[in-house]
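Below is one structure; the comments refer to it alone.
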Amino acid sequence: MIRKIKKEVGCSFKENIQYMDQILPVEKSFDIIRREMEIGGKESVFYYIDGFIKDEAMLKIMDSFLSITAEDLPQDAETFSKQKIPYVEVDVLKCFDDILRNVLSGTAVFFVDGYDAALCMDCRSYPARGVDEPDKDKSLRGSRDGFVETIVFNTALMRRRIRDPHLIMEMTEAGQSSRTDIAVCYMSDRVDEELLNNIKSRIEKLEVDDLRMNQQSLAEALFKRKWFNPFPKFKFTERPDTAAACLLEGKVVILVDNSPSAMILPTSILDMIEEANDYYFPTLTGMYLKISRTLITIATVFFTPLYLLYMQNPQWLPDVFSFVMVRDQINLPLIWQFLLLELSIDGLRLAAMNTPTMLSTPLSVIAGIVMGEFSVESGWFNSEVMLYMAFVAVANYTQPNFELGYALKFMRLMLLVLTAVFNLYGFVAGCILVLCFLVFNKTLSGRNYLNVKIN
């Protein structure tokens with residue numbers, strides 16, 4: 001819950017300006033502008049942030065103010081906003097908390113001598129990049145625009161797709177210091193009212209100083225999940241068409257300013273696996289893509305633990321699959337080979353993220369040669385282990401959710417360790433634990449993680 005300033009604008013112009021100069025570091029911060037001018041023979045002071053204001057718009061507005069005479073000057077701020085401000089987004093503010101929040105958000109606020117309220121003009125020019133296609137959520141056939149860091153642009157991208165008066169976008173804020181804008185979007189005729197009220201009440205009751213990590217900070221504050229359950233509670237997307245489709249399904253979409261992605265609630269494990277590209281193909285093709293992605297996702301968890309189990313019990317292996325046995329000498333136990341390769345793959349992934357684009361290809365080739373061929377020849381790893389770990393590493397990218405990928409990785413590591421220590425009993429116990437992690441995992445709405453009913 002944000003603590004707000006209760007003080008309101010008084011009738012004394014000097015006291016109002018003194019209070020503003022006391023709160024705002026006008027003298028210390030170069031980007032906070034204090035502009036004095038006369039309007040209709042009376043003093044006025046403008047406050048705004050340099051870099052946000054459209055210079056052309058402000059020039060025209062101030063030019064119109066200079067033409068106002070003392071006889072034409074209205075007696076109150078409300079009449080002035082209606083008759084003398086040639087702009088679309090204008091508001092009359094009487095609370096200093098609203099005034100300061102608007103100034104620090106980038107709007108222009110000014111006081112006129114004799115008025116017991118401040119006038120606010122939203123003539124901001126948002127620093128923003130183009131709505132280009134996201135690097136991660138690539139589109140095969142759909143639209144190629146993507147969310148950006150400006151919340152107003154993101155709401156416009158969804159409003160462009162859903163021209164329905166039932167689409168509601170409620171604006172709120174969180175963080176005592178950051179005062180980060182949060183937009184809660186939903187279809188009023190399709191949303192689950194219980195879920196919606198739960199989300200809005202949680203946002204209103206947030207007692208955090210800032211949302212320094214944007215949506216991640218909001219997600220952690222909304223739902224205090226257990227540290228030992230790595231499965232994600234939220235689905236994130238950078239594609240407006242995906243967010244619009246979720247809205248039409250009755251879900252709630254949360255947008256956070258300065259974040260180029262939308263948070264979708266409620267979310268099940270099935271929602272995590274599916275992709276928007278599945279719906280841009282014929283029904284049969286889309287079903288095949290969903291089924292194949294699901295099977296491959298399951299295989300990434302159980303493939304290497306099953307292989308380790310059979311290598312520990314070769315007598316269980318049918319003769320037809322005898323070729324999968326390790327033929328070469330095993331210098332390092334298989335469990336240590338798997339664990340080292342899991343760590344090495346993460347190392348390569350982190351290195352790829354921080355590698356300059358011009359060097360990514362040659363370094364990838366070098367890393368592939370070193371880890372693929374020379375590591376086998378040196379005796380550290382067996383070729384069969386390298387093959388199966390390569391499959392797991394590549395197959396992990398078949399599903400789009402980054403957090404889910406690491407959750408499945410942790411499940412796979414748990415299965416590997418339990419299988420290596422307790423053999424068959426460890427593998428069975430690991431499978432039961434994986435199932436428990438899914439069954440007893442709850443969404444924000446309190447519903448089961450495996451099956452989320454919308455309405």
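The values are calculated or read from the model by the stated rules, or taken from the named source; none is laboratory data. Quick caveat, the model's predicted, so the values are computed rather than measured. Quick reminder, even Gly has a Cβ in these numbers, built from the backbone with ideal geometry, and neighbours come from all protein chains shown.
Some notes on this structure:
- Residue within segment 84-91 that is basic (Lys, Arg) and either buried (at least 16 other Cβ atoms within 10 Å of the Cβ) or not in a helix (DSSP H, G or I) (or both) present: yes
- Residue-level check: of (1) touching a Phe, Trp or Tyr at 6+ places or on another chain (Cβ under 9 Å); (2) more than 25 Å from Tyr397 (Cβ to Cβ); (3) of a type in the set (A, V, I, L, M, F, W, C), Phe147 misses just (2).
- When segment 91-114 is filtered for residues that are of a type in the set (A, V, I, L, M) and touching a helix residue (DSSP H, G or I) at 6+ places or on another chain (Cβ under 8 Å), the ones remaining, listed by number, are Val92, Leu93, Ile99, Leu100, Ala108, Val109, Val112.
- Taken over segment 177-209, the criterion of being within 30 Å of Leu104 (Cβ to Cβ) and part of a strand (DSSP E or B) is satisfied by Thr180, Asp181, Ile182, Ala183, Val184, Cys185, Tyr186.
- Residue selected from segment 291-309 under the condition loosely packed, with under 15 Cβ neighbours inside 10 Å and not β-branched (Val, Ile, Thr), by the criterion nearest to Leu444 (Cα to Cα): Leu295
- Filter pass, Gly142 being touching a Lys or Arg at 6+ places or on another chain (Cβ under 8 Å), outside the structural domain of Ala219 (by TED's automatic domain parsing) and farther than 30 Å from Met37 by Cβ: yes
- Looking across Asp63, Asp50, Asp55, Asp21, one residue alone is without any contact (Cβ under 8 Å) to a residue 60 or more places away in the chain and either of a type in the set (Phe, Trp, Tyr) or touching an Asp or Glu at 6+ places or on another chain (Cβ under 7 Å) (or both). It is Asp50.
- Residue match in segment 4-14 (condition: aliphatic (A, V, I, L, M) and within 35 Å of the chain's Cα centre (by Cα)): yes
- Residues being under 24 Å from Ala219 (Cβ atoms) and assigned to a helix (DSSP H, G or I) - total across segment 246-292: 9
- If you go through segment 347-388 and keep only what is of a type in the set (Gly, Ala, Ser), assigned to a helix (DSSP H, G or I) and modelled with pLDDT of 70 or more, you end up with Gly347, Ala351, Ala352, Ser375, Ser383.
- Residues within segment 110-130 that are in a loop (DSSP other than H, G, I, E, B), under 34 Å from the mean Cα position of the chain (by Cα) and surrounded by 19 or more Cβ atoms within 10 Å (Cβ to Cβ), tallied: 1
- Qualifying residues in segment 139-169 (those that are among the β-branched types (Val, Ile, Thr) and outside any helix (DSSP H, G or I)) - the one surrounded by the most Cβ atoms within 10 Å (Cβ to Cβ): Val148
- Residue check, Ile32 in contact with a Leu (Cβ under 6 Å, 6 or more places away or on another chain) and either aliphatic (A, V, I, L, M) or under 22 Å from Asp98 (Cβ atoms) (or both): yes
- When residues in segment 34-61 are screened for being surrounded by fewer than 17 Cβ atoms within 10 Å (Cβ to Cβ), of a type in the set (A, V, I, L, M) and within 17 Å of Phe111 (Cα to Cα), 1 of them pass.
- Matching option when the condition is farther than 27 Å from Asp257 by Cβ and not assigned by TED's automatic domain parsing to the domain that holds Leu222, among Leu73, Leu93: Leu73
- Those residues of segment 224-257 which are farther than 27 Å from Ser188 by Cβ and either under 15 Å from the mean Cα position of the chain (by Cα) or free of Cβ contacts under 8 Å to residues at least 40 places away in the same chain (or both), in sequence order: Lys224, Arg225, Lys226, Trp227, Phe228, Pro232
- Taking the criterion of being hydroxyl-bearing (Ser, Thr, Tyr) and surrounded by 13 or more Cβ atoms within 10 Å (Cβ to Cβ), the only residue of segment 310-332 that qualifies is Tyr310.
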